[in-house]
Amino acid sequence: MLDDRYALAFRLYPYEHSPDQDAEAPVRHPVVVQGGGPIGVAMALDLGLQGIPVLVLDDHEGIGQGSRAICFAKRCLEIADRYGAAEPMLDKGVVWNLGKVFHEDRKVYEFNLLPEAGHRFPAFINLQQPYFEKFLVERVREAQAAGAPIEIRGKNRVQSVEIFDDHTRLQVETPEGGYVLEADWLIGCDGAGSPLRGMMGLDFDGRVFQDSFLIADITMKADFPTERWFWFEPWHKAGASTLLHKQPDGVWRVDFQIGWDVDRKEELKEENVRRRLDAMLGPDVEYELVWTSIYTFQCRRMKKFRHGRVIFAGDSAHQVSPFGARGANSGMQDVDNLGWKLGMVIRGEAPDALLDSYCAERRHGADENILNSTRSTDFITPKSKISHVFRNAVLDLAQEYEFARPLVNSGRLSVPCVYDGLPLNGPDALPGGPLRSRVGSPCPDAPLGNGFLLPQLGGRFTILTVDAEAPDAVAEDGVTATRLALSAADDTTGALAERYLGAAMSAVYLIRPDQHVAARWDRYDEPALRAALRAACGKGHDR
């Protein structure tokens, strides 16, 4: 079910004839991205802004229909900001930090996902996926005008793929017939049902949970605040649980837990959707249906995200339940991780083995998401009578006792992955250093005068010094790390010192291009930094 508000600028890249279709021999492209959703377009932006030619093949001509993903986390916005796409997202999105949990007709407790100041972006914005995709494509157009070698071809469906040691060959179908092209590297961003994964005979491992959730996007005038509200066993009985979110354009998202053995076609009939909404909202609230859908919880991933010259990212590589907002957010972290590594390999700055670290780090992230998502699902949908009793006892305790609140799980919300203990990490030699900026973690933002820290880090290797001496740049084996020199006095709020010094008096950080901490020390140590830079480029910890 769909109204025309999600037809906004739908045909963003209508089919056009390509010279590749007339070539006598298949044209070879450095990178082909299969799938033009948000992850595929973000992948193209990351590579194209590095100057690497990239071609996106999509079987549609623009933005997909339906609101789908709506919750975009702070880290996702920070990544989009490096691509120059975050401002319109923030301007359009509904900002929220506060969530409330209810049981039946009473509030259990509330939580603030970003209680501290000193960050450029909020904990979350709510923004319909069509807008998120649209802003990414518009940024592609700006980058193309500035010379970025990015191309998006609509109505170009990949029908088959042949895998070779040093390239892939694709059979592509268009409204004018088929043609063949080749790619040095092929990136699968074609969604949970990934045709590419199927062509390669690959599959997911994991669980499909026996429950169903009905999504209803509606327009209404209501007094609900801009918060995330979740009900366990709500008073209205329209679902075993219910979730309410506000979106732009006066649209509200309602999720009803409706059980496993349901007739989906019957549940999606307008009169049955309205029956649930009427029970929740009452007879005096006027609303219009915008879009409806039904989904199930699935927590699954591929065994490997890299298969030679073919690499998978986003939902094509892993799936988690929507509660917790881990789908698109984790996909953007895949792009963030893969982009700089593939760029270095293509430019000859790093060995091919660096790409294996993408698989290791993002499988780590997927496993973390799957663990949290599975725990959420088990709490939201108890699998036995005793687990149901336990769940409700936790909710009763949480209403009065703070110790029980961390046990309440209405969907642990997306946080960026920390790559603890993984091969690219260097030494963590900052005694008293803050846990939140430890090696493997994404850099926390901090205010700096009229701006913020993360935009100054950019997308390169950086030596961040706080009240410490270091050279302006260090070049090691063809890779250069440039210095960003700061003092705790640069931030009168104290956030920079709290987030990067802790109990230390000075600090030196080596920051990766994806703004994760590669190593840190209390003072500059040139041999140690050079070794850490080599390790972060996949060249090992020793010469």
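The values are calculated or read from the model by the stated rules, or taken from the named source; none is laboratory data. On a predicted model such as this, the values are computed, not experimentally measured, just so you know. Virtual Cβ from ideal backbone geometry, glycine too; neighbours counted across all protein chains shown.
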Of all residues in the range 39-84, how many are at pLDDT below 95, among the aliphatic types (A, V, I, L, M) and assigned to a loop (DSSP other than H, G, I, E, B)?
3
Being buried (at least 19 other Cβ atoms within 10 Å of the Cβ), part of a strand (DSSP E or B) and modelled with pLDDT under 90 narrows PHE213, PHE230 down to just PHE213
Filter the range 367-390 down to the residues that are in contact with a Leu (Cβ under 9 Å, 6 or more places away or on another chain) and of a type in the set (D, E, K, R) and list them by number.
none
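Among the residues that make up the range 347-355, is at least one of them in a helix (DSSP H, G or I) and not charged (D, E, K, R)?
Yes, because at least one residue in the range 347-355 is in a helix (DSSP H, G or I) and not charged (D, E, K, R).
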Strands (runs of 3 or more DSSP E) contained entirely in the range 114-165, each with at least 3 residues that are touching a strand residue (DSSP E or B) at 6+ places or on another chain (Cβ under 6 Å) and surrounded by fewer than 19 Cβ atoms within 10 Å (Cβ to Cβ):
157-163
Contact list please: Cβ distance under 6 Å, first residue in the range 293-305 and assigned by TED's automatic domain parsing to the domain that holds ASP217 and modelled with pLDDT under 85, second residue assigned to a strand (DSSP E or B) and among the β-branched types (Val, Ile, Thr), pairs at least six apart or on different chains.
GLN298/VAL208
VAL101: modelled with pLDDT of 90 or more, β-branched (Val, Ile, Thr), part of a strand (DSSP E or B) and farther than 15 Å from GLN247 by Cβ, yes or no?
yes
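For every residue, the table says whether it meets (1) modelled with pLDDT of 95 or more; (2) not in a loop (DSSP other than H, G, I, E, B).
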| site | (1), (2) |
| --- | --- |
| THR480 | yes, yes |
| LEU484 | yes, yes |
| THR492 | no, no |
| GLU498 | yes, yes |
| GLY502 | yes, no |
| PRO513 | yes, no |
| VAL517 | yes, yes |
| TYR524 | yes, no |
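Taking TYR419 as the residue in question, decide whether it is in contact with an Asp or Glu (Cβ under 8 Å, 6 or more places away or on another chain) and of a type in the set (Phe, Trp, Tyr).
Numbers: in contact with an Asp or Glu (Cβ under 8 Å, 6 or more places away or on another chain): yes; of a type in the set (Phe, Trp, Tyr): yes.
For TYR419, the condition - in contact with an Asp or Glu (Cβ under 8 Å, 6 or more places away or on another chain) and of a type in the set (Phe, Trp, Tyr) - is met.
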Out of the residues in the range 492-521 meeting the condition of being in contact with a strand residue (DSSP E or B) (Cβ under 6 Å, 6 or more places away or on another chain) and charged (D, E, K, R), tell me which one is surrounded by the fewest Cβ atoms within 10 Å (Cβ to Cβ).
ARG520
Candidate set: the range 526-543, residues that are buried (at least 16 other Cβ atoms within 10 Å of the Cβ) and assigned to a loop (DSSP other than H, G, I, E, B); chosen: the one modelled with the lowest pLDDT:
LYS539
Only residues in the range 9-34 that are under 30 Å from ARG347 (Cβ atoms) count as the first member; pair them with residues that are assigned to a helix (DSSP H, G or I) and of a type in the set (Gly, Ala, Ser), Cβ under 8 angstrom, at least 6 apart or cross-chain, and list the lot.
VAL33/GLY40; VAL33/ALA44; GLN34/GLY40
Can ARG28 be described as modelled with pLDDT of 95 or more and either of a type outside the set (Val, Ile, Thr) or surrounded by 22 or more Cβ atoms within 10 Å (Cβ to Cβ) (or both)?
yes
Within the range 452-475, take every residue that is without any contact (Cβ under 8 Å) to a residue 60 or more places away in the chain and in a strand (DSSP E or B) and give me the one that is farthest from GLY343 (Cα to Cα).
VAL466
Looking at LEU202, LEU244 in this structure, which one is surrounded by fewer than 21 Cβ atoms within 10 Å (Cβ to Cβ), touching a His at 6+ places or on another chain (Cβ under 8 Å) and of a type outside the set (Ser, Thr, Tyr)?
LEU202
